[in-house]
Amino acid sequence: MGTPLKKKLPKNPLEVTIAGLKFKNPVMTASGTFGYGAEFVPYTDLEKLGAIVVKGLSLYPRQGNPGPRIVETPCGMLNAIGLQNVGVDEFIEKKLPLLKGVKTHVIANIFGETIEDYMEVAKRLDRVKGVSALEINISCPNVKKGGIVFGTDPQEAFRVVSAIRKSTRLPLITKLSPNVTDIKVMVKAAEDAGTDAISLINTLTGMVIDVEKRRPVLATATGGLSGPAIRPVAVRMVWQAASVARVPLIGMGGIMNAEDALEFIIAGAAAVQVGTASFIDPDAAAKVVVGLEEYAQRHCVSMKELAGSLKLA
């Protein structure tokens, strides 16, 4: 008998394809944790990343919530920034040009308080050179429906995603909220509405109390919990979503290093987003890329092969 042939690693083992777009690697930044991208130029090499997902954009500028709006928690942080941003027009005119020439995908995260808001933001970005895809933040209240959160009601999620789908030719990534009873129902709603990919999870709702003052630490009382504390929850939800999803998944929630990212990929994610880690180390996402490359070489496996390879027995 001859010696078994050693498996050959693909030329680009980290390369993945999502929503018809080819990414050099599966590592993206998470919206709201990386500004508009250019702010991190002094601290990391943007071209090492698979994609930059910019801060959420609304139809008009937003000042966000009053302070205090960030507080550290065990293994994480709670934020209530209130989606402060410059607005879609200023992003197009002043922020996006700063990324011209950077050889990686730029994904615009968008949100609104009405379906019409979402549609208009999508339309304004539709033909803008330099934007590869839209990520839809549906963890927002629909002011026309008494504050029902788009991302916690499957019917509302379907309505907003399908409306955006009709407003743009760009690939759509729907970012799901974890604050639901069954994530699989929300996956199906987004898919039926025409999303090209799904990212999850957004932050978990949490609260911190100053026991001396007997008041919430955050001005808004509650905020979004992120960081390593939520990773096991996020990995579980990605695994559940992968059991029913027909479109690629992008996993996030407490990824601090390559090993954390690998958990999401093995659970079923095609790509990952690094968020809170960038506050601790601005180069964190690029370091995750290096770690994934080392893993691929060591195990002679591509990210495509690794995605969804979890063994339950």
Once fully extended, how much extra length lies between Glu15 and Glu293, figured as 0.36 nm per residue of separation less the alpha-carbon to alpha-carbon distance?
99.0 nm
Once every DSSP H run of n ≥ 4 in the chain is given -39500 (n - 2.57) and the sum is divided by its residues, what mean residue ellipticity at 222 nm do you get, rounded to the nearest 500 deg cm²/dmol?
-7500 deg cm²/dmol
Cα gyration tensor category, rounded, prolate or oblate, for the range 159-313 with a/c compared to 1.5:
oblate
Mind checking the full-extension length gain between Cys300 and Lys7? Use 0.36 nm per residue of separation minus the Cα-Cα distance, one decimal, nm.
104.8 nm
Given backbone amide H placed at 1.01 Å from N, residues whose amide H is under 5 Å from that of Thr174, ignoring those fewer than 5 places away on the same chain, are Ile136, Asp196, Ala197, Ile198, Ser199
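Just to check, using Stokes-Einstein with a Kirkwood Rh over alpha carbon pairs, what's the diffusion coefficient of the range 82-162 at 25 °C and 0.890 mPa s in µm²/s?
Working: Rh = 13.6 Å.
So the translational diffusion coefficient is about 181 µm²/s.
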The chain, dipole about Cα centre (Lys/Arg Cβ +1, Asp/Glu Cβ -1), debye to the nearest 20:
660
Burial ordering of Met28, Met207, fewest other beta-carbon atoms within 10 Å first:
Met207, Met28
How long are the three semi-axes of the equivalent ellipsoid for the chain, computed from the Cα gyration tensor as the root of 5 times each eigenvalue, in whole Å, largest first?
30, 22, 21
Efficiency by 1/(1 + (r/R0)^6): what FRET value for Glu259 and Lys129, r their Cβ-Cβ distance, R0 = 45 Å, to the nearest 0.05?
0.75
Once the dipole of the range 16-306 is set up with Lys and Arg at +1 and Asp and Glu at -1 on Cβ about the Cα centre, which of Leu78, Gly50, Leu21 lies farthest towards its positive end?
Leu21
So the label point goes 7 Å from the Cα of Cys75 along Cα→C-beta, right? Which residues of the range 237-253 then have their backbone N under 20 Å from it?
237-240, 251-253
Can you sort Thr203, Thr174, Thr168 from fewest to most other Cβ atoms within 10 Å of each residue's own Cβ?
Thr168, Thr203, Thr174
At q = 0.08, 0.12, 0.21 Å⁻¹, the log10 of I(q)/I(0) for the range 1-151 from a Debye sum over equal Cα scatterers comes to -0.30, -0.59, -1.40
By count of other Cβ within 10 Å, fewest leading, how are Leu78, Leu57 ordered?
Leu78, Leu57
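Quick one: compute the contact order of the chain, relative version, from alpha carbon pairs under 8 angstrom and 6+ residues apart, as a percent.
On the way: 722 pairs, mean separation 64.3, N = 313.
Averaging sequence separation for qualifying contacts and normalising by length gives 21 percent for the chain.
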When the charge dipole of the chain is computed with +1 on Lys and Arg Cβ and -1 on Asp and Glu Cβ about the Cα centre, the Cα farthest towards its positive end, among Met119, Pro248, Leu176, belongs to Pro248
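Values in this text are rule-based calculations from the coordinates and carry no lab data. Everything numeric in this text was worked out from a predicted model, so none of it was measured. We place every Cβ from the backbone using ideal geometry, glycine too, and count neighbours over all the protein chains shown.
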